[in-house]
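Right, one structure below, let's go through it.
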Amino acid sequence: MNAFFKALQVQRWDDHRYYHHSRINQSLHFVSAASFLAAYVMVFTNPVAAALTGWLVSMTTRQAGHFFFEPKGYDVVNQASHEHKEEIKVGYNLRRKLVLIGIWAVAPLTLLVDPALFGMFEPAANNAELIDQVSLIWLGVGIGGLIFRTVQLFFIRDIQTGLVWMTKILTDPFHDLKLYCTAPIHLLRGELIDPMGHEQSV
C-alpha cells in the first residue's frame with residue numbers, strides 16, 4: 001500500500017511540474033476543481049446536472065488551460081521538450097484529449113440515428129428530455145474515458161500504474177483545489193508563469 005501511495009505522489013508531482021506552469025492554467029484548474037466537487041455532490045441526486053457541470057464547466061475550463069495557455073516551448077525548469085512531455089504523459093496527452101473531446105462532441109449525434117439509443121431511452125418528447133439524454137450520454141463518455149485509459153495502462157504499463165492514475169483522476173479536484181487556490185492571486189499580481197522554485201517532495 002505504501003508503494004501505491006508513493007506512486008500516486010509521484011504521478012501528482014509529475015503532472016504539476018510538467019503540465020501546469022501557466023498561472024492562467026492553474027487558475028482555471030482551481031475553477032475546474034471547485035465545479036467538479038459540486039458535480040460529485042450532484043451526481044447522487046441529479047446526475048443530469050452533474051454531467052452538464054462536469055463537461056460544460058469543469059472540463060471546459062480545465063482543457064482550455066492546457067490547450068490555450070500552457071507553454072508549448074522547451075521546459076527549462078525540467079529540461080524537457082514539449083514533445084517529450086507529451087510522449088511520457090501517463091494519462092491523456094493533448095492528442096488523446098482531442099480524441100476524447102471529439103467523442104464527447106459527436107456522441108449526442110447518436111440520438112439522431114437512434115432516438116431510443118438501442119432501447120436505453122424513450123425518444124425525447126421535448127427539449128428538456130433531449131438535454132437530459134445528452135447529459136447522460138456525456139456522463140457515460142466521461143466514465144468510459146476513465147475506464148478505457150485505466151485498462152489501457154494495465155497493458156502498456158502495469159496494473160498499479162493504471163489504478164494509481166484512476167485514483168489520481170478521481171481525487172484531482174480535492175488536490176487541485178488546495179494546490180492552485182493561490183494561483184488567481186499570483187495572476188492578479190501579474191505573474192503569468194509559475195517559477196516552479198519549490199523542490200520535489202517525493
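Structure above, values below:
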quantity	calculated
For the stretch 137-154, 3J(HN,Hα) per residue [Karplus equation, 6.51 cos²θ - 1.76 cosθ + 1.60, θ = phi - 60°, Hz, x = Gly/Pro]	4, 5, 4, x, 4, x, 5, x, x, 5, 5, 4, 5, 4, 5, 4, 5, 4
Two-site FRET efficiency, residue 10 against residue 189, from Cβ-Cβ distance with R₀ of 22 Å, rounded to 0.05	0.10
Listed peptides 69-81, 165-177, 20-32 by packing density, highest first (mean Cβ within 10 Å)	20-32, 165-177, 69-81
Total formal charge among the other residues, if their Cβ is under 13 angstrom from that of residue 80, Lys/Arg +1 and Asp/Glu -1	-1
Helix-only [θ]222 nm of the chain, DSSP H runs n ≥ 4, -39500 (n - 2.57) each, per residue, nearest 500	-20500 deg cm²/dmol
Label corresponding to Cα extents along the principal axes in Å when calculated from the structure given, among (1) 113, 43, 25; (2) 56, 42, 31; (3) 43, 42, 36	(2)
Whole-Hz ³J(HN,Hα) from phi, Karplus 6.51 cos²θ - 1.76 cosθ + 1.60, for the stretch 33-41, glycine and proline x	4, 4, 6, 5, 5, 5, 5, 4, 5
Ranking of 180, 19 by count of other Cβ atoms within 10 Å, fewest first	19, 180
Tally of Lys pairs whose C-alpha atoms are under 21 Å apart, taken over the stretch 19-188, 8 or more apart or cross-chain	9
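Since every read-out is calculated from the coordinates, none of them should be taken as a lab result. Because the structure is a prediction, the values reported are computed rather than measured. Neighbour counts run over all protein chains shown; Cβ positions are idealised from the backbone, glycine included.
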